[in-house]
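Encoded as structure tokens, the structure appears first; notes follow it.
The values are calculated or read from the model by the stated rules, or taken from the named source; none is laboratory data. On a predicted model such as this, the values are computed, not experimentally measured, just so you know. Neighbour counts are summed over all protein chains in view; Cβ atoms, including those assigned to glycine, are modelled from backbone coordinates with ideal geometry.
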Amino acid sequence: MSEICRLLAAYDAHRAAGQACALATVVHVSGSAYRRPGARMLVTEDGQLMGAISGGCLEGDARRRARQAIVRRRPALVTYDSMDEEEDVEHGVSLGCQGVIQILLEPLDFEDPANPMEMLRVCAQQEQTAVLITAFSLTTNTEVQVGERLLLLRDATSHGTLNFDADTAAQLLEHAHQTLQSGRSATADYDTVAGTLRIFLEVIQPAVRVTVFGAGNDVQPLVRLAASLGWLVRVVDGRPGQATATRFPEAEEVCVVSFDQLSNLPPTQQFALLMTHNYHYDLAALRYLLPTGTPYIGLLGPRKKADRLLAELEEEGLQPTQRLVPRLYSPVGLNIGAETAEEIALSIVAEMQAVLRGRSGAFCTNSTAQFMSRRPCFALPLRQGQMQRLRPHAL
């Protein structure tokens, strides 16, 4: 279950119990911080917590302030500056991470269909990228209130309103569309006729979807791990005794499909993994994936197997070098010395996470950059030569 889904489940439970709560959201970070903008925590009136906005150093003080916001029934913006040693000691949080973090605290009105949790619910129900626009800092009095939001979906539909003048609204919408295209959240200041307004434009991606071809025992820990990240997993296999919901309770869908019927399967658009341990099923799966837009295809097994599969597809005139190789990760997974099924699952999921975030999968201790690009690789794929350097020799 994803972080947003966990928050929604807790929110629904508190609403059903009539228990007042507030949402704490990281809206801006300057310098170093454990969590980035968009991290959230739900706080109840009696101090229960769900989610996290830091590694544990901010939660105590933020909980106290969130409960105050519930009592006062108005939002508040709190700034934690760990670069100011006196302020760090005064707050009692001792961050030690050399950053400035701004947290927006908002009491939730269960009757308001546009409260921030209901906006997140709309995002969770969509199969498209969205940008959530939140006003969180004002330098003067305007009609816009702290915490006001507008949700813009990729199909141009929107939810909520912001009371901007026409020029500012046009600038913001243009910026929001640029943010959607880049896939990267941003903070921006707007000079309005009434003063300066600071806005957080948060890109919220739909749930990651993974199709795993194969229903062997080694697929079970992978499905569990992927599902724990909130990813939606579909398991496909031709063996009715293996492909069962009982064996894969965490999977969103389990399908029994023989290899000669794969062409009837709805297409997958994100991650695909071939873990069948069956050469002919893998070959049929690659034929199925050739015309799809799937940007990541992971193939379990030695490189000789991949070479043989590609050679056979080449003989069939399917041009796998141009149509398949740029998307093919074989052998699949990061080189972490994986041997057991659980370790191999960790290796594969770690590689998919690195690809999803456009990262190299290298040791953080060797990184010279304080912050690296967070652009999803689906918007900026790595070159095939770079991919090969990440491969283990075998799994």
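For the range 268-282, the count of residues that are of a type in the set (Gly, Ala, Ser) and without any contact (Cβ under 8 Å) to a residue 60 or more places away in the chain is zero. Residues in the range 160-192 that are surrounded by 15 or more Cβ atoms within 10 Å (Cβ to Cβ) and among the β-branched types (Val, Ile, Thr): THR168, THR179, THR187, THR192.
Specify the residue that is farthest from the chain's Cα centre (by Cα); the eligible residues are those in the range 339-351 that are more than 26 Å from PRO291 (Cβ to Cβ) and buried (at least 19 other Cβ atoms within 10 Å of the Cβ).
Of the range 339-351, the ones more than 26 Å from PRO291 (Cβ to Cβ) are 339-347, 349-350.
Applying the additional criterion that residues be buried (at least 19 other Cβ atoms within 10 Å of the Cβ) yields 344-345, 347, 349.
Working: ILE344: 22, ALA345: 19, SER347: 18, VAL349: 13 Å.
This residue is ILE344.
Being surrounded by 15 or more Cβ atoms within 10 Å (Cβ to Cβ) and more than 29 Å from VAL233 (Cβ to Cβ) narrows it down to one residue among ALA10, ALA17, ALA22, ALA39; which is it? Unique residue meeting the criteria: ALA22.
Only residues that are among the small types (Gly, Ala, Ser) and without any contact (Cβ under 8 Å) to a residue 60 or more places away in the chain were counted in the range 1-60, giving 14. When the residues of the range 184-195 are filtered to those that are at pLDDT 80 or above and hydroxyl-bearing (Ser, Thr, Tyr), the one that is farthest from ASN163 (Cα to Cα) is SER185.
Within the range 293-307, the set of residues being on the phi < 0 side of the Ramachandran plot and surrounded by 14 or more Cβ atoms within 10 Å (Cβ to Cβ) comprises THR294, PRO295, TYR296, ILE297, GLY298, LEU299, LEU300, PRO302, ARG303, LYS305, ALA306.
Given the range 215-320, what strands (runs of 3 or more DSSP E) lie entirely inside it while holding 3 or more residues that are farther than 19 Å from SER347 by Cβ and in contact with a helix residue (DSSP H, G or I) (Cβ under 9 Å, 6 or more places away or on another chain)?
Once the strands (runs of 3 or more DSSP E) in the range 215-320 are filtered for at least 3 residues that are farther than 19 Å from SER347 by Cβ and in contact with a helix residue (DSSP H, G or I) (Cβ under 9 Å, 6 or more places away or on another chain), what remains is 232-237.
Being outside any loop (DSSP other than H, G, I, E, B), free of Cβ contacts under 8 Å to residues at least 12 places away in the same chain and assigned by TED's automatic domain parsing to the domain that holds GLN220 holds for only one residue in GLU339, GLU351, GLU343, and it is GLU343.
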